[in-house]
Amino acid sequence: MSHPDRRTPVVMLAGFEGLAATGVDHLARMLRYAPGTVVVRHDLSELREGVVRRTVSHMPDEGATPVENTTVHELAHGCVSCTLRADLLPLLCLLAARNTVRRIVIALDPAFEAEAVCHAIEQVPVAGVIGRVDGPAGRDVRVDAVVTCLDARTWLSEALSEETLAERGLADADDDRTVAQLAVGQVEFADAAVVFTARDLDGTDAARLQAVLDRLIPQAPVAWAGEPNALDANGIEALLAGIPADSRRGRIFDAHAPLLRGQPPLDVEHGVALVEFSTDRPFHPVRLHEALDVLFDGVVTARGRIWLATQPDEVVWLESAGGGLRVGGAGRWLAAMSDEERAATDPDRRALAALRWHEQFGDRDISLSILVCDADPNEIRRALHWALVDDAELLLVHGAPELVAQWEDPFGAWHSDPCEDGSEADSAHSASPTGERRTKER
């Protein structure tokens, strides 16, 4: 017999700049009219000075004037991770303990990534809250929906951009995230999206953007609106009610989850298409390093698992957005594990691996999903095929791995960028594996 989930639901609102940021503010204002809804907003514009402004607002009674309380918090180390750990997560636990709070709406500052916030809710321990046993905020709250706002006039160009957040003045120089990474990540993680057009969007541009969204978030309901104020509270609540029951709702998928979720269109529409690349032979690391340049132009996002000839035990994860790309470690192949380790892995992963198990190489393979917008799918496939080991090299992979291990490998050293206190669990850059980060040469 299942028990009802009594945790307080959380709705996250994300959006980048322009109409998207305005849309987040508007949706937050509309949602706070619902009884028992509290809206939380962190302003990180002064984060580099170690200052965070937090606003908490709600409607005390129907028809009353909204109550807003803004406080200023100084952090010893001004970073997004510290803001999450020191302020947002404890606040969620405190709000969830109040009987009057039925729903929490988090209007995310653009520097926050919804995926990282959801990861922190589930994984980062919250300590020192009076009357509460230490543990993750996920014991008290659950993510009910992530809603992303888009400015239809600028989002696609941002998704294809090579500009970094630091270059746009939105982050410190040591923050190497790109505008595209943030723009694409906000949408890819969404359970629903609201597209604002300001009524001056060309029909062809709108159709192309819709084609991208159909392939990036095929399960998510998408509402198109003109100006942000065109969407009222009833429309927003209807959008939330229309989110499918099996939507991700804050879940973090690991590197071995299916790359294509839902039923995205597989045809070409307005220059937009999904390219799937799968093979059971490894990449040559040097040739792959050269071939990856093909993912920098006309590619919205690419993601997937890689088998490198020089790293036969390691699953390598690749993810890109626009002109930026990450390659990093994502655990080990089942074939490289002991029987005990293999038995402890996810049963679904083992079942899928058994369907394609190779006598010599086990579950090692390459599986990539690439969303293109005006890039040539055939050119991408040719470049990736060229990067694979040839037949003679494959014989060495099987028969002389000690020789293959001596090949030059540009991907040989993974690194992560945790907060300076050494904690990796609350990295706010991404919940995905991290390693070498590259951007398009300019």
Index of the failed condition, Val51 passing every other in (1) of a type in the set (Val, Ile, Thr); (2) without any contact (Cβ under 8 Å) to a residue 60 or more places away in the chain; (3) under 26 Å from Ala233 (Cβ atoms): (3)
Helices (runs of 4 or more DSSP H) contained in the range 344-408 and holding at least 3 residues in contact (Cβ under 8 Å) with a residue 24 or more places away in the chain and under 28 Å from Leu325 (Cα atoms): 377-387, 391-399
Residue among Asp313, Asp376, Asp339, Asp363 that alone is charged (D, E, K, R), over 24 Å from the mean Cα position of the chain (by Cα) and crowded, with 18+ Cβ neighbours inside 10 Å: Asp363
In the range 8-56, the residues that are of a type in the set (D, E, K, R) and either in a strand (DSSP E or B) or open to solvent by less than 10 Å² (accessible area, probe 1.4 Å) (or both): Arg41, Asp43, Arg53, Arg54
Which numbered condition Arg177 fails, given (1) open to solvent by 40 Å² or more (accessible area, probe 1.4 Å); (2) farther than 15 Å from Gln210 by Cα; (3) not β-branched (Val, Ile, Thr): (1)
The one condition in (1) of a type in the set (Gly, Ala, Ser); (2) assigned to a loop (DSSP other than H, G, I, E, B); (3) modelled with pLDDT of 95 or more that Gly304 fails to fulfil: (2)
Options Ala400, Ala330, Ala302, Ala387; residue that is farther than 30 Å from Leu216 by Cα, open to solvent by less than 30 Å² (accessible area, probe 1.4 Å) and not assigned by the TED database to the domain that holds Ala183: Ala400
Enumerated helices (runs of 4 or more DSSP H) restricted to the range 136-227, each holding at least 2 residues that are of a type in the set (Lys, Arg): 203-216
Count of the range 229-264 residues which are assigned to a loop (DSSP other than H, G, I, E, B), in contact (Cβ under 8 Å) with a residue 24 or more places away in the chain and more than 30 Å from Trp333 (Cα to Cα): 5
Some residue of the range 79-99 being part of a loop (DSSP other than H, G, I, E, B), in contact with an Asp or Glu (Cβ under 6 Å, 6 or more places away or on another chain) and not aliphatic (A, V, I, L, M): no
Pairs where the first residue, in the range 108-135, is without any contact (Cβ under 8 Å) to a residue 60 or more places away in the chain and among the basic types (Lys, Arg) and the second is in a loop (DSSP other than H, G, I, E, B) and open to solvent by 70 Å² or more (accessible area, probe 1.4 Å), C-beta under 9 Å, 6+ apart: Arg132/Ala97
Number of positions in the range 206-239 that are under 11 Å from Phe196 (Cα atoms) and open to solvent by 20 Å² or more (accessible area, probe 1.4 Å): 8
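Listed here are the residues, each with its yes/no results for (1) over 28 Å from Leu150 (Cα atoms); (2) polar (S, T, N, Q); (3) in the same structural domain as Asp151 (by the TED database).
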position	(1), (2), (3)
Ala223	no, no, yes
Ala230	no, no, yes
Arg248	no, no, no
Leu295	no, no, no
Ser320	no, yes, no
Filtered residues of the range 57-107 (kept if touching a residue at least 60 places away in the same chain (Cβ under 8 Å), open to solvent by 60 Å² or more (accessible area, probe 1.4 Å) and in contact with a Gly (Cβ under 7 Å, 6 or more places away or on another chain)): Thr100, Arg102
Where Thr197 falls short, out of the listed (1) of a type outside the set (Asp, Glu); (2) under 29 Å from Pro9 (Cβ atoms); (3) surrounded by fewer than 22 Cβ atoms within 10 Å (Cβ to Cβ): (2)
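Residues checked against (1) of a type in the set (Phe, Trp, Tyr); (2) touching a strand residue (DSSP E or B) at 6+ places or on another chain (Cβ under 6 Å); (3) more than 30 Å from Leu84 (Cα to Cα); (4) modelled with pLDDT of 95 or more:
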| position | (1), (2), (3), (4) |
| --- | --- |
| Ala351 | no, no, yes, no |
| His358 | no, no, yes, no |
| Arg364 | no, no, yes, yes |
| Phe411 | yes, yes, yes, no |
| His429 | no, no, no, no |
| Lys440 | no, no, yes, no |
Members of the range 327-369 found to be out of contact with any Pro (no Cβ under 8 Å at 6 or more places or on another chain) and either among the β-branched types (Val, Ile, Thr) or within 30 Å of Ser157 (Cβ to Cβ) (or both), listed by number: Val327, Thr345, Ser367, Leu368, Ser369
Failed item in (1) farther than 30 Å from Ala34 by Cβ; (2) open to solvent by less than 20 Å² (accessible area, probe 1.4 Å); (3) part of a helix (DSSP H, G or I), with Cys118 passing the rest: (1)
Tally, over the range 327-343, of residues that are in a strand (DSSP E or B) and among the aliphatic types (A, V, I, L, M): 2
Pairs where the first residue, in the range 190-210, is at positive phi and the second is surrounded by fewer than 17 Cβ atoms within 10 Å (Cβ to Cβ) and modelled with pLDDT under 90, C-beta under 8 Å, 6+ apart: Ala198/Gly226; Ala198/Glu227; Arg199/Gly226; Arg199/Glu227
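The values are calculated or read from the model by the stated rules, or taken from the named source; none is laboratory data. Quick caveat, the model's predicted, so the values are computed rather than measured. Note that we place each Cβ from the backbone using ideal geometry, even for glycine, and neighbour counts take in every protein chain shown. Surface accessibility is based on the protein's heavy atoms, side chains included, excluding ligands, DNA and RNA. Shrake-Rupley method; radii C 1.70, N 1.55, O 1.52, S 1.80 Å.
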